[in-house]
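Have a look at the structure below, then the notes.
Computed from the coordinates by the stated procedures, all read-outs in this text should not be read as laboratory data. Just so it is clear, the structure is predicted and the values come from calculations on it, not from any experiment. Reconstructed Cβ throughout: ideal geometry from the backbone, glycine too, with neighbour counts over all protein chains shown.
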């Protein structure tokens, strides 16, 4: 059964200047999350998006008929929504294609060509309320608590440039976790590096979503900064611990990937 987009969610997805992420699951049950800023509402029960710089996401969408998909949006006012739905396919001509191809990104950009426009039918909408003061406090306390426990297994080293991007306050950071054949996602704006191979986040904001994580869950995190730069960190949720008086969730990073030109989808390896 389809669901209706609330007016606030529809308005948020209708913005050009908003962070938008798409989360999918591959055939091995691993989540993938990527910025898909070309996502817009078509009507109050449908989203459309451009096939642009989304190779892995596209592979996951095409792996089965009506593949489950999660799409999120966060505005500059920190209004955030997650839509769960089903992917219905791509079109290479018609009114949907014309609407996306007329966006400035494709009319004036030299970095890529719109290959098609995908359609998602909306099944569920989740609001994820946040406040600026809460975000700032959570970022500060997470930064204070960002220590790597010595007893945890070693992960993949994160390049220093990526570590700096992970820790910035001004940016969008969303975490996806696989739940069977679909992925759910939520914001982790306070995300901080902990050592060279872990990242941590607090659990106060959107507490119910973060508390759904279980130790051993495979997760993927997209970090999208104002530069603009974007990276995906894949790894394993290592559980919750207290550090300097604050409870934090830990993720052991297993791989790091680029998500913007000149080489989107390239793995970043670092042995430092």
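Under the 0.36 nm per residue contour assumption, what length would be gained going from the current alpha-carbon distance of residue 133 and residue 214 to full extension?
Result for the pair: 26.4 nm of gain on full extension.
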Distance in nm between residue 28 and residue 59 label points, each 7 Å along Cα→Cβ, equals 1.0
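Could you compute the FRET efficiency for residue 240 and residue 75, with r as their C-beta to C-beta distance and R0 at 30 Å, rounded to 0.05? Walk me through the numbers on the way to the answer.
On the way: r = 29 Å, r/R0 = 0.96.
Result of the calculation: an efficiency of 0.55.
What do you get for Rg/Rh of the range 153-270 when both radii come from the Cα atoms and Rh is the Kirkwood radius?
Details: Rg = 13.4 Å, Rh = 14.3 Å.
That ratio is 0.94, to two decimals.
Which shape class applies to the range 7-127: rounded if a/c is under 1.5, otherwise prolate when a/b exceeds b/c and oblate if not, where a ≥ b ≥ c are the square roots of the Cα gyration tensor eigenvalues? Kindly include the intermediate steps, with their values, before the conclusion.
Details: a/c = 1.40, a/b = 1.04, b/c = 1.35.
Rounded.
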Note: the range 64-141 at 25 °C, 0.890 mPa s; Kirkwood Rh on alpha carbon pairs; Stokes-Einstein D in µm²/s works out to 161
Within the set 48, 135, 120, GNM on the chain using Cα springs under 10 Å gives the largest fluctuation to 135
Two pseudo-spin positions, 7 Å from Cα along C-beta at residue 179 and at residue 123, lie apart in nanometres by 1.0
Taking a ≥ b ≥ c as the square roots of the eigenvalues of the Cα gyration tensor, with a/c under 1.5 meaning rounded and otherwise prolate when a/b exceeds b/c and oblate if not, the range 139-197 is oblate
So the angle from the long Cα axis of helix 132-145 to the longest Cα principal axis of the chain, reported in degrees to the nearest 10, equals 40
Reduced to Cα centres, the span from the range 181-206 to the range 224-270 in Å works out to 8
Distance in Å, no decimals, from the C-alpha centre of the range 14-38 to the one of the range 123-137 is 18
Which of 13, 52, 201 fluctuates most in a GNM of the chain (C-alpha springs under 10 Å)? That residue is 52
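Between residue 143 and residue 108, take the C-beta separation as r, use R0 = 45 Å, and let me know the FRET efficiency to the nearest 0.05. Mind showing how you got there, number by number?
Details: r = 38 Å, r/R0 = 0.84.
Approximately 0.75, to the nearest 0.05.
May I ask you to derive the FRET efficiency for residue 207 and residue 267 from their Cβ-Cβ distance with R0 = 35 Å, giving the value to the nearest 0.05? Before the final figure, lay out the partial values.
Working: r = 33 Å, r/R0 = 0.94.
Rounded to the nearest 0.05, the efficiency is 0.60.
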Square roots of five times the C-alpha gyration tensor eigenvalues of the chain, ordered largest first and given in whole Å, equal 30, 20, 18
Residue-normalised 222 nm signal for the chain, counting each DSSP H run of n ≥ 4 as -39,500 (n - 2.57), nearest 500 deg cm²/dmol, is -4500 deg cm²/dmol
The chain, Gaussian network, Cα under 10 Å: of 86, 218, 55, the residue fluctuating most is 55
Length gained, residue 7-residue 93, 0.36 nm per residue minus C-alpha separation, equals 28.2 nm
